[in-house]
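Let me begin by presenting the structure, written as structure tokens, before commenting on it.
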Amino acid sequence: MRRIAGLLVAPLLLLTAVACGSDDKASDSASSKNGVPAITAGAKFGEKPTLSKGEGDPPKELKTDVISEGDGAKLKNGDAIQVNYLGQAWDSTKPFDNSFDRKQPFDLTLGAGMVIQGWDKGLVGQKVGSRVELVIPPELGYGEQGQGDIKPNATLVFVVDILKATQIPASAKGTEVAQDNIDLPKVGVKADGKAPTVTIPKGDPPKKLVSNYVLESDGEVVKESDSVVVNYVGMIWKGAKEFDNTYTTGKTQTFPLSQVTLKGLKNGLIDKKVGSRVLLVIPPDQAFGDQKQQAIPKNSTLVFAVDILAKV
């Protein structure tokens, strides 16, 4: 089964593509510090940094240098984290991307394979509130193929501000809500961290978006400006065929709702409570319409069972 998550959200740096290069230029005259390129301006946490060019041959192994240590919790695999960052090639004076200019921090689930391996490995154990500099060898970055403005076999340098982290529960939990409409799918209510069952009826699907609680939590209400951490099962109504399942990989997905391109998924999660399990039935005009997407035929009605595990 090919993963469909990349079709649900607009591409982000480190996920599928690199954003357009920045016009900022770093200093190439300052010496390196602790074996990593020096920050020549904007050294404090929260400030947009300027990086010098790396000197000599880059390190062969992943290197994490703590510029300033925060006093928050240590990051663990499975945490939903929010960061600001600036990225630059070792042998370059020009950043290829940064979140500081966009004024939009980057959300990810650590250890979930949402980013290059150098991030997943280099950020584990660092404290919330810290600024760290990562030097990432090619095999933990984009390797021989490169990516966008990043050349093949490039060693990458990132300055990362760790803004916050949230521990992710294994499952949604809450009050069971009656599923008494025989014309709608039925979703399992076990809260054991495994994929819930989804039973789709034989009749025709509804023409309008359905967004119903299966388990209703008492958590905060999700807003369009939030990023949510979810597990989900995705199915096609016709034939009751599963096309995606995050539970089978053991890796949650983090969706910035403002960037979710699947209209019904976005609208169906807004105003729902964190910690809940939700049934979504998404008609074609709020899904992929008349466009075939991987294993999803055109004009398909989609069914999702979604655990809203956290928001960041």
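Residues with beta-carbon under 14 Å from that of Leu209, excluding Leu209: net charge, scoring Lys, Arg +1 and Asp, Glu -1?
Taking every Cβ under 14 Å from that of Leu209, the sum is +3.
Roughly how big is the range 49-162's charge dipole about its Cα centre, with Cβ charges of +1 (Lys, Arg) and -1 (Asp, Glu), in debye to the nearest 20?
In total the dipole reaches around 160 debye.
Using the Cα centre of the range 242-287 as the reference point, and only Cβ charges (+1 on K/R, -1 on D/E), how large is the resulting charge dipole? Debye, rounded to the nearest 20.
In total the dipole reaches around 200 debye.
Select from Ala38, Ala295, Ala172 the residue whose mean-square fluctuation is largest in a Gaussian network model of the chain (Cα-Cα springs shorter than 10 Å).
Comparing Ala38, Ala295, Ala172 in the GNM, the peak value goes to Ala295.
Return the whole-Å distance between the Cα centroid of the range 187-219 and the Cα centroid of the range 38-102.
That distance is 41 Å.
Anyone know which of Lys94, Lys173, Lys190 comes out most mobile in the 10 Å Cα GNM of the chain?
The residue with the greatest mean-square fluctuation here is Lys190.
Provide the three semi-axes, in whole Å and in decreasing order, of the ellipsoid equivalent to the range 47-129 as defined by the square roots of 5 times the Cα gyration tensor eigenvalues.
Square roots of five times the eigenvalues give 22, 16, 13 Å.
On a straight-distance basis, which aspartates and glutamates could pair with Lys186 in a cross-link, Cα separation under 19 angstrom, same-chain partners fewer than 8 positions away excluded?
Straight-distance partners of Lys186: Glu176, Asp204, Glu216, Glu242, Asp244, Asp307.
For the chain, what is the mean residue ellipticity at 222 nm derived from helices alone (per DSSP H run of n ≥ 4: -39500 (n - 2.57); sum divided by total residues; nearest 500 deg cm²/dmol)? Intermediate values should be presented prior to the final figure.
Working: 3 runs with 18 residues, N = 312.
Computed mean residue ellipticity for the chain: -1500 deg cm²/dmol.
Quick check for you: with a 1.4 Å probe and neighbouring chains kept, what is the accessible area per residue of the range 28-115, in Å²?
The answer is 48 Å² per residue.
With a cut-off of at most 14 other beta carbons within 10 Å, and DSSP calling the residue loop, which GluC sites (Glu not before Pro) in the range 33-137 qualify? Please list them.
Glu61, Glu69
Tell me which label goes with the value of volume of the Cα convex hull per residue in Å³ computed from the coordinates here: (i) 174; (ii) 127; (iii) 158.
Given (i) 174; (ii) 127; (iii) 158, the calculated one carries the label (ii).
Test of the criteria: in the range 68-137, which trypsin sites (Lys or Arg not before Pro) are in a DSSP loop and have at most 12 other Cβ atoms within 10 angstrom of their Cβ? Don't jump to the answer; show the numbers that get you there.
Working: sites: Lys74, Lys76, Arg102, Lys103, Lys121, Lys127, Arg131; in loops: Lys76, Arg102, Lys103.
Hits after loop and neighbour filter: Arg102, Lys103.
Choose one of Val124, Asn153, Leu265: the residue whose Cα lies farthest towards the positive end of the charge dipole of the chain (beta-carbon charges +1 Lys, Arg; -1 Asp, Glu; about the Cα centre).
So the residue we want is Leu265.
With a cap of 16 neighbouring Cβ atoms within 10 Å, and only residues DSSP puts in a loop, list the GluC sites (Glu not before Pro) found in the range 208-312.
Passing both the DSSP loop test and the Cβ count: Glu220, Glu224.
For the range 166-230, what is the relative contact order in percent, using Cα pairs closer than 8 Å and at least 6 residues apart in sequence?
Numbers: 60 pairs, mean separation 25.1, N = 65.
Relative contact order here is 39 percent.
The values are calculated or read from the model by the stated rules, or taken from the named source; none is laboratory data. Since the model is a prediction, treat every value here as computed from it, not as a measurement. In this analysis, Cβ positions are derived from the backbone assuming ideal geometry, glycine residues included, and neighbour counts consider all displayed protein chains. Each accessible area value is taken on the protein alone, full model and side chains, heavy atoms only, with ligands, DNA and RNA left out. Shrake-Rupley method; radii C 1.70, N 1.55, O 1.52, S 1.80 Å.
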